[in-house]
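All remarks here apply to the structure that follows.
The values are calculated or read from the model by the stated rules, or taken from the named source; none is laboratory data. Quick caveat: nothing in here was measured; it's all calculated off a predicted structure. Note that each Cβ is placed from the backbone with ideal geometry, even for glycine, and that neighbours are counted across all protein chains shown. Accessible surface areas use protein heavy atoms only, side chains included; no ligands, DNA or RNA. Shrake-Rupley method; radii C 1.70, N 1.55, O 1.52, S 1.80 Å.
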Amino acid sequence: GENVEQHPSTLSVQEGDSAVIKCTYSDSASNYFPWYKQELGKGPQLIIDIRSNVGEKKDQRIAVTLNKTAKHFSLHITETQPEDSAVYFCAASSSNSGNTPLVFGKGTRLSVIA
Amino acid sequence: EPEVTQTPSHQVTQMGQEVILRCVPISNHLYFYWYRQILGQKVEFLVSFYNNEISEKSEIFDDQFSVERPDGSNFTLKIRSTKLEDSAMYFCASSLAGHRAGYTFGSGTRLTVV
């Protein structure tokens, strides 16, 4: 089955700097890669996702890149703000069926220092 | 914005007791999921539910677990005889069209088995 590895487990950046979180996956059939942000006491919230037919997607300060050959994808947050502090999870799945489960990474705790 | 609602937010139970975790998915969603997160670990898939039946389940979802959508609005997870290792945060999620539309997670129920 799919295995998703995520690095780093913790990341501290100064406000205004960029943050990069990297994930690798094992199943070449995976074609859907969402990123979730989990704030304290809340459930994971989808912040951006990418499908295997594109290599990059951007939404304001957040971007995700995908390298299918190397089986890795990354989350980039630019101009970080204190409210970006949270745990970020990457996930992977085959999206051929709505029932195919997401396989999550272990999460990255991002701290943005003001 | 529509939300997935989970109750209770925290449940403490004695080992061996039955617990029912409740979820109200977003009303027009068709796919329903339970995930769990043991403290400090990754989010793990338990079960997906579509068209009033289980679509997929993980190895974790053994015969101690069951799900039900009793009245068209609630989606419940029952653990028949809880073990200490069932202590975790349990997240319900729903989706209109699986990965094509993304998941919405609830805020979770923290289950503590003592």
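Data overview
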{"item": "Residue satisfying condition, being open to solvent by less than 50 Å² (accessible area, probe 1.4 Å) and either within 13 Å of chain A (Cβ to nearest Cβ) or free of Cβ contacts under 8 Å to residues at least 24 places away in the same chain (or both), within set B:Gln37, B:Gln41", "result": "B:Gln37"}
{"item": "Residues that are open to solvent by less than 20 Å² (accessible area, probe 1.4 Å) and either modelled with pLDDT under 90 or facing chain A (nearest Cβ under 10 Å) (or both), drawn from region B:46-63", "result": "B:Leu46, B:Val47, B:Ser48, B:Phe49"}
{"item": "Count - residues of region A:57-87 that are over 17 Å from A:Asn3 (Cβ atoms) and either within 12 Å of chain B (Cβ to nearest Cβ) or charged (D, E, K, R) (or both)", "result": "8"}
{"item": "Test: residue in region B:89-97 that is open to solvent by less than 10 Å² (accessible area, probe 1.4 Å), in contact with an Asp or Glu (Cβ under 8 Å, 6 or more places away or on another chain), within 18 Å of A:Gln38 (Cβ to Cβ) and within 11 Å of another protein chain (Cβ to nearest Cβ)", "result": "no"}
{"item": "Selection status of B:Gly16, within 13 Å of another protein chain (Cβ to nearest Cβ) and either hydroxyl-bearing (Ser, Thr, Tyr) or at positive phi (or both)", "result": "no"}
{"item": "One residue from A:Gln6, A:Gln38 being at pLDDT 95 or above and at the interface with chain B (Cβ under 10 Å from one of its Cβ atoms)", "result": "A:Gln6"}
